[in-house]
2 protein chains.
Amino acid sequence: MPNSTLEERCVNTIRTLSIDAVQAAESGHPGMPMGMADATFVLWDKFLKHDPKQPHWYDRDRFVLSAGHGSMLLYSLLHLTGYDLSLDQLKNFRQWGSKTPGHPEYGHTPGVETTTGPLGQGFATGVGMAMAEAHMAAKFNTQRFTITDHYTYGIVSDGDLMEGISHEAASLAGHLKLGKIIYLYDSNRISIDGSTDLAFSEDVVGRFKSYGWHVMEIDGHNRKSVEEAIREAQNETGKPSLIVCKTHIGFGSPNKQDSAASHGSPLGEDEVRLTKENLGWESDEKFYIPDEVFNYFRKAVKKGGEKHQNWRETLNEFTNNKAKKAAAFKAQIAGELPDNLEQYLPQFEADSKGMATRAASGKVLNKIAASIPSLIGGSADLTGSNKTWIDDEGIFDAKNYAGTNIHFGVREHAMGAALNGMALHKGVIPYGGTFLIFSDYCRPAIRIAALSNISSIYVFTHDSIGLGEDGPTHQPIEHLASFRAMPNVLVLRPADANETAWAWKAALEYGDGPALLVLTRQSLPIIDRNKQNSASLTGKGAYIIADSDKDTPDAILIATGSEVQLTLDARKALKDDNIDARVVSMPSWELFARQSQSYRDKILLPDVKARVSVEAGATFGWERWIGSAGTAIGINRFGASAPYEEIYEQFGITVDRIINETKLLVS
Amino acid sequence: MPNSTLEERCVNTIRTLSIDAVQAAESGHPGMPMGMADATFVLWDKFLKHDPKQPHWYDRDRFVLSAGHGSMLLYSLLHLTGYDLSLDQLKNFRQWGSKTPGHPEYGHTPGVETTTGPLGQGFATGVGMAMAEAHMAAKFNTQRFTITDHYTYGIVSDGDLMEGISHEAASLAGHLKLGKIIYLYDSNRISIDGSTDLAFSEDVVGRFKSYGWHVMEIDGHNRKSVEEAIREAQNETGKPSLIVCKTHIGFGSPNKQDSAASHGSPLGEDEVRLTKENLGWESDEKFYIPDEVFNYFRKAVKKGGEKHQNWRETLNEFTNNKAKKAAAFKAQIAGELPDNLEQYLPQFEADSKGMATRAASGKVLNKIAASIPSLIGGSADLTGSNKTWIDDEGIFDAKNYAGTNIHFGVREHAMGAALNGMALHKGVIPYGGTFLIFSDYCRPAIRIAALSNISSIYVFTHDSIGLGEDGPTHQPIEHLASFRAMPNVLVLRPADANETAWAWKAALEYGDGPALLVLTRQSLPIIDRNKQNSASLTGKGAYIIADSDKDTPDAILIATGSEVQLTLDARKALKDDNIDARVVSMPSWELFARQSQSYRDKILLPDVKARVSVEAGATFGWERWIGSAGTAIGINRFGASAPYEEIYEQFGITVDRIINETKLLVS
């Protein structure tokens, strides 16, 4: 290959590894890696700050492959630059047990910054990463010590930009003037159905300018232009940058370049051969990496190691000079929570008038924020309703990135993905609020969090028909069931102010995925904990909140959230009728399911078949706890617009109904 | 009120009715109706073509209040212009049983074109209405007879435009050059959190121009400007129009105008009084409508009736001149399906190699399309994968609105809302396709369909780990459960090609909400219906597909979709071990739940407690059918990237596992 420069050989190595892996798997997306090999090579070779041997180095640049279907582009680069991803892993692309799944998965493959594939998620997750970067820089950098200083790079595709979440996130990033976002847009004008002319004729440049972005247009195969554009983007510090790279999908394939045929299917053995010939590739061997190319790429290890070492030294000096600030910084990036978090929780006095659990949540948040400085978050334009404001903190915006109160705007989906990005970035513990009903708008981002074990916290208020007059468009019915069915999600629906405090603790400590705090609009009595069991049992998922006097209760009544009080009232009335029932408060199915069988059997005595569940939502799934013989009181229709007491009455979520159903079961 | 013109009095009537109703309800959103009263009055008074006494007149203009929280604006106009909505209904705003719920609900209140409240939905639903209008006009209008010719007007808010769905729908509408969309944007710069400067600083004008929209900016309180702008928008036939109306939220309120305080709360009795004074309002009386104003508004009845009558006459002439075409048109707007739809379904021969149910769906669709000319739809850029293409039809686009194959682009959310709009418009039966996993992206639109009993059809392919290599980002787990928990949704997961045909029939005939066809990527054997029960029983939701020879089977095995074949194989093997099991195919929980108790007991014999369910998804909720004693085989974790046979094996969705679990239960 005498006519090829080393650079060309590097780029073609990315291409050939990608097409060989897709061919071996007989499945995958070769066209995008082929098209974006040039631009991405320039980014990784000339700009990306990373330490392949220590992929979690805090101050690395973040690289987000939003077009996750082009995973082989990323896997190729990870292997070549020296991450713990062997050539055998590339050969096992998309096979059981490999580190090279069809789409990049965070936590599964070293160097993968976030799980992508569902389009638009990476775009918006990167915005969250850049928000965290800006915040940490503003909070901890000093004139002398720059501890946080990295870019968020991304590769975004036509598909990413068609998705609504890209609008929300781009508008938010422009508003926040996140100048360290640099996205390369793979403008190849081809999507799965064919030419983007079929469905996508907007002026992307004009659109992003209207969001306040810095936009450039270049030939994505001209590596000099790519370099200049990235440099220009770095120099534009007050705006996020979009570099529109005009590219050819399937670049180099004589018969499939510029065609949807190269998008989502292997090229075929013949076309692989023809492509290698056409590229002037030097070997027939599959997964061939020229030594010179390998050695060139692997310089990233030394270069990255040195940069990392320099940073460590700066951090040491910072520590020597600003011990307290440095300690605070280190605690934040380690994600530390205070020991004995429970001592920071407020305690609420018993009160029959009570307060809404959303109000309690606001008080808890404000109390614990003082001892958890990494808390940052806000609401999708429902700050006052969600009670997500931290009083002693400022607004996070372009004038004050050190602030922690975020106005996400009416952008639930971008909020969800931004929470993911902030959590993945490290240094902050992010939370976001909206009405529970609008969880539907951010569900794809919540799923990414669940799949990636991302600890984001959602403050979902207005959790049932209890919100009243806004009516069925705003009243969740199926939402609890729909999240309980999603793996790794922690759903918490506390019964009063004190359970709310302990629910926050459970959410903060969870760690396996997103935690959803499901809270009322309406006031709930604060239960007298001298008489009932401690709210600290919230962490068990379910506990006896009022027991029968009998060894074996006549019935077990199980309720969550706002329906616990109704159930306690029903128990009292039943006792007057000589039915002695146990009441179990069950704020979290997931936490309860994690308890030992013996604990679970102690709470839900297997011999007691007379069980009634009470929850102002779909009864779907409650059979798990009440058994075939039990009765589930709930709502299997849409809600209604009226004062909430009236809806409860009309829908039969009442003390009388609980009494009657229990009597029926016991008799 | 001598200084007020009649027009001013009309506008102030809208304002005062709105603030009085919100005050009476002690709940609601007065600010938006006050701010948009001027512009909306002009639209309704000078332009809107409608017949208040016959709200379903097909050729009316559609009016979509995307900012659904401003419902009193709409209710006021509906009452004033003579719809069947009494003043008492306005007085009962947001009360139990009233026709004036917190947010407008389709089917609940005459004249409400679509359910709004969740922001952005109305914006995108209107795009669907305009698509249907363009299609029906292209298909049936002749040079002489214009039967379909109406606008889709909308009121959209800052919040609507922040939502991602507004991007998707606006980009699609611009691409499709839907010139009969005219949206008035209530640019009041206030959202719930306060000034939109907190989160929303994009250049909306530039953004919409980049989508290919015609954009104007006017003073929304200058009624002359509004009139001119709407006229200009009507003259621009090649682009959708956005009229940016600069308005004052809470217009007229001396202390709350231009403040978030007027957005979502009653003004308060004192401020109501002060506002009326400030507006120069002529009476202290609540819900006061000056006679002159009332009479002026009510002219809409006569005017609309005449227009409707003219249209009827044109339709009659059309019928006389073009009998066949007119009959076809009438059948489409009546939503007629052919009698004996079953005779149009393809029949698939038994075949152990079989075909994917998505492939079967494609064949069914192509077969029935010939007899259901109102079918129109497509895919969110997965046409080939979803098999949603109708071969004998062209593409629906600006060059050919008569086409029926829609390229929605990678815009699942806009697709969902557009399906709603098309179905609400009438004349077409819309369907849309994507992977089941991306149902999460359009979930809010599916919920609107469920709440509004909209018959949209979803072709959701790649329905489980059976999609294989694309991995966990693309493999649905919780999705079946999450939709089964949503009221009014029909979920259909057919077991083979013939069940797929009957599932399409069930979907077309459903009528109570959206129907979801949940289909495999992978091939499934076509079950031999000479040996097994007929696939026509699909409509029962569940049926015996292979029975035990005993009167009382030893066990009942229940499966859906791709797992039915595994279960049939397990039954055979069990029989060799003297366990004689019944296999129930259960393509639809919802249809089965609608059958009589006696039918259900015939299928799931109450005495047989040894029950095993098999479904490649979350087991959540299966206790409903298998009881406390049963075993649910499923997947309660996220998927994996590998060839699908391997994943099935690794996850234990196998014949051996079914055999073993059954034996355990029986023994």
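The values are calculated or read from the model by the stated rules, or taken from the named source; none is laboratory data. Please read all numbers here as calculations on a predicted model, not as lab measurements. All Cβ positions, glycine included, derive from the backbone under ideal geometry; neighbour counts span all protein chains shown. Accessible surface areas use protein heavy atoms only, side chains included; no ligands, DNA or RNA. Shrake-Rupley method; radii C 1.70, N 1.55, O 1.52, S 1.80 Å.
Tell me, what is the 1.4 Å probe accessible area of B:Asp84, in Å² to the nearest 10?
The accessible area of B:Asp84 comes to roughly 100 Å².
Just to confirm my numbers, what's the Cα centroid distance between segment A:603-667 and segment B:467-520 in Å?
Taking the Cα centre of segment B:467-520 as reference, the centre of segment A:603-667 is 28 Å away.
With a 1.4 Å probe and all protein chains kept in place, how do B:Asp397, A:Asp186 rank by accessible area, largest first?
Reading off the accessible areas and sorting them downward yields B:Asp397, A:Asp186.
Would you be so kind as to identify which of B:Phe348, B:Ala402, B:Asn386 lies farthest towards the positive end of the dipole of segment B:316-433, taking Lys and Arg as +1 and Asp and Glu as -1 on Cβ and the Cα centre as origin?
B:Ala402
Pairs A:Lys663/B:Lys602; B:Lys540/B:Lys575; B:Lys330/B:Lys399; A:Lys53/A:Lys302; B:Lys139/B:Lys399; A:Lys363/A:Lys505: which exceed 18 Å Cα-Cα?
A:Lys663/B:Lys602; B:Lys540/B:Lys575; B:Lys330/B:Lys399
Could you give the distance between the Cα centres of segment A:567-590 and segment A:195-272, to the whole Å?
After rounding, the separation between the Cα centres reads 62 Å.
About its Cα centre, what dipole magnitude does segment A:378-489 give when the only charges are +1 on Lys and Arg Cβ and -1 on Asp and Glu Cβ, stated in debye to the nearest 20?
It works out to roughly 480 debye.
Could you give the accessible area per residue of the protein assembly as shown, probe 1.4 Å, as a whole number in Å²? Walk me through the intermediate numbers first.
Values: 42380 Å² over 1334 residues.
Per-residue accessible area for the protein assembly as shown comes out at 32 Å².
What pairs in A:Lys387/B:Lys276; B:Lys209/B:Lys324; B:Lys276/B:Lys299; A:Lys239/B:Lys209 have C-alpha atoms more than 30 Å from each other?
Distance filter (> 30 Å) returns A:Lys387/B:Lys276; B:Lys209/B:Lys324.
Sequence-distant or interchain residues sharing an amide H contact under 5 Å with A:Gly403, placed H: which?
The list, which skips near neighbours in sequence, is A:Asp397.
On average over all directions, what projected area in square nanometres does chain A have, based on the convex hull of its Cα atoms?
Numbers: hull surface 122.9 nm².
The Cα convex hull of chain A, projected and averaged over all directions, gives 30.7 nm².
So, in nm, how far is label A:Trp96 from label B:Lys609 when the simple model puts each one 7 Å beyond its Cα toward the Cβ?
With each label placed 7 Å out from Cα toward Cβ, I get 3.6 nm.
List the residues of segment B:192-234 for which accessible area in the full set of protein chains is at least 50 Å² lower than for the chain on its own; 1.4 Å probe, protein heavy atoms only.
B:Ile192, B:Asp193, B:Leu198, B:Ala199, B:Glu202, B:Ser210
First compute the accessible area of chain A with a 1.4 Å probe, then give the percent of it belonging to carbon and sulfur atoms.
So the carbon and sulfur contribution to the accessible surface is 45 percent.
With unit charges on the beta carbons (Lys and Arg positive, Asp and Glu negative) and the dipole taken about the Cα centre of segment B:26-153, which residue among B:Gln54, B:Leu80, B:Thr40 sits farthest to the positive side?
Working it through, the farthest residue towards the positive pole turns out to be B:Gln54.
Among B:Ala616, B:Ile603, B:Val583, flag the residue with its Cα farthest along the positive direction of the charge dipole of segment B:524-667, charges on Cβ as +1 for Lys/Arg and -1 for Asp/Glu.
B:Ile603
Dipole size in debye (nearest 20) for chain A around its Cα centre, Lys and Arg Cβ +1, Asp and Glu Cβ -1?
Taking the Cα centre of chain A as origin, the dipole is about 1480 debye.
Looking at segment A:102-145, which residues lose a minimum of 40 Å² of accessible area between their chain alone and all protein chains in place, measuring with a 1.4 Å probe and not counting ligands or nucleic acids?
Buried by 40 Å² or more upon assembly, which counts only protein chains, are A:His103, A:Pro118.
Find how many whole Å separate the alpha carbon centroid of segment A:345-379 from the alpha carbon centroid of segment A:22-99.
If you average the Cα positions of each part, the centres end up 43 Å apart.
In peptide A:409-420, what is the residue-averaged number of other protein chain Cβ atoms found within 10 Å of each Cβ?
Going residue by residue through A:409-420 and averaging, the value is 4.
Mind running the shape call on segment A:311-358? Use the C-alpha gyration tensor, a ≥ b ≥ c as the square roots of the eigenvalues: rounded below 1.5 for a/c, prolate if a/b tops b/c, oblate otherwise.
Prolate, since a/c reaches 1.5 and a/b exceeds b/c.
Among the DSSP beta bridges whose two residues both lie in the protein assembly as shown, what percent are antiparallel, rounded to the nearest 5?
The antiparallel fraction comes to roughly 15 percent.
From other protein chains only, count the Cβ atoms within 10 Å of every residue's Cβ in B:167-175, then give the mean.
Working: counts 12, 6, 1, 3, 10, 5, 0, 3, 7.
What the average comes to for B:167-175 is 5.
Quick check: from the Cα gyration tensor, does the protein assembly as shown come out rounded (a/c under 1.5), prolate or oblate?
The shape class here is rounded.
Using only DSSP helix segments of four residues or longer, with each worth -39500 (n - 2.57), what per-residue ellipticity at 222 nm results for the protein assembly as shown after dividing by its residue count and rounding to 500? Could the numbers behind the result be given before it?
On the way: 48 runs with 532 residues, N = 1334.
Value at 222 nm, helices only, nearest 500: -12000 deg cm²/dmol.
Residue by residue, what Karplus-based ³J(HN,Hα) values in Hz, rounded to whole numbers, does segment B:534-543 have, using 6.51, -1.76 and 1.60 with θ = phi - 60° and x for Gly and Pro?
Those phi angles translate into 5, 5, 5, 6, 3, x, 7, x, 8, 7 Hz.
Translational diffusion coefficient of segment B:196-286 at 20 °C, 1.002 mPa s, Stokes-Einstein with Kirkwood Rh over Cα pairs, in µm²/s as a whole number.
Roughly 137 µm²/s, to the nearest whole number.
Report, in debye and to the nearest 20, how large the dipole of segment B:607-660 comes out about its Cα centre when Lys and Arg carry +1 and Asp and Glu carry -1 on their Cβ.
260
Tell me, what is the percent relative contact order of chain B, built from C-alpha pairs under 8 Å that lie six or more residues apart?
RCO, chain B: 12 percent.
Per-residue Cβ counts within 10 Å, from other chains only, averaged over A:459-471: what number is that?
3
Suppose accessible area is computed on protein heavy atoms with a 1.4 Å probe; arrange B:Arg443, B:Arg571, A:Arg594 from highest to lowest.
Ranking B:Arg443, B:Arg571, A:Arg594 by accessible area, largest first, yields A:Arg594, B:Arg571, B:Arg443.
Using only protein heavy atoms and a 1.4 Å probe, report how much of A:His175 is accessible, in Å² to the nearest 10.
Rounded to the nearest 10, the figure is 20 Å².
So how far apart, in nm, are the two label points at B:Ala328 and A:Arg231 if each is 7 Å from Cα heading toward Cβ?
Going by the 7 Å Cα→Cβ label model, 6.4 nm.
Hey, for A:Asn660 with labels 7 Å out along Cα-Cβ, what do the inter-copy distances come to in nm, ordered shortest first?
From this label point to the equivalent ones elsewhere in the assembly: 4.8 nm.
In Å², rounded to the nearest 100, what is the total accessible surface buried by chains A and B against each other with a 1.4 Å probe?
Between A and B, the summed buried area is about 8000 Å².
Could you work out the relative contact order of segment B:223-380? I mean the mean sequence separation of Cα pairs under 8 Å and 6+ apart, divided by the number of residues, in percent. List each step's numbers first, then the result.
Working: 61 pairs, mean separation 16.7, N = 158.
Relative contact order comes out at 11 percent.
Work out from phi, with θ = phi - 60° and the Karplus expression 6.51 cos²θ - 1.76 cosθ + 1.60, the ³J(HN,Hα) of each residue of segment A:581-596, listed in order in whole Hz, and give x for Gly and Pro.
Once θ is set to phi - 60°, the couplings for segment A:581-596 become 9, 9, 10, 10, 8, 10, x, 8, 4, 5, 5, 5, 5, 7, 6, 5 Hz.
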